[in-house]
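J.: Handing you this structure, nothing more for now.
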């Protein structure tokens, strides 16, 4: 993957959450919640952000934040610093 974010942006690989199927009910894709956890693939050029967020970190991001892109059949999300809510440790 050759995506290099600029400024205070971070590229995340979207982590699909495991489907919970209770009682044999099938939930259509349109009704499923959007995953809010992603793994950091690349960090932008902002030095303050680079000190806090590192490649490989798993982060929790805002529900409607970021821009989705599909590259080589993988889903990526480009989020700005303000959309990052927490680092999962």
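The values are calculated or read from the model by the stated rules, or taken from the named source; none is laboratory data. The model shown is predicted, which means the values in this text are computed figures rather than measured ones. In this analysis, Cβ positions are derived from the backbone assuming ideal geometry, glycine residues included, and neighbour counts consider all displayed protein chains.
J.: Which count do you get for residues in the stretch 78-89 that are surrounded by 13 or more Cβ atoms within 10 Å (Cβ to Cβ) and either out of contact with any strand residue (DSSP E or B) (no Cβ under 8 Å at 6 or more places or on another chain) or within 17 Å of residue 45 (Cα to Cα) (or both)?
T.: 6
J.: Residues in the stretch 65-75: is at least one surrounded by 12 or more Cβ atoms within 10 Å (Cβ to Cβ), at pLDDT below 95, touching a strand residue (DSSP E or B) at 6+ places or on another chain (Cβ under 6 Å) and in a loop (DSSP other than H, G, I, E, B)?
T.: Yes, because at least one residue in the stretch 65-75 is surrounded by 12 or more Cβ atoms within 10 Å (Cβ to Cβ), at pLDDT below 95, touching a strand residue (DSSP E or B) at 6+ places or on another chain (Cβ under 6 Å) and in a loop (DSSP other than H, G, I, E, B).
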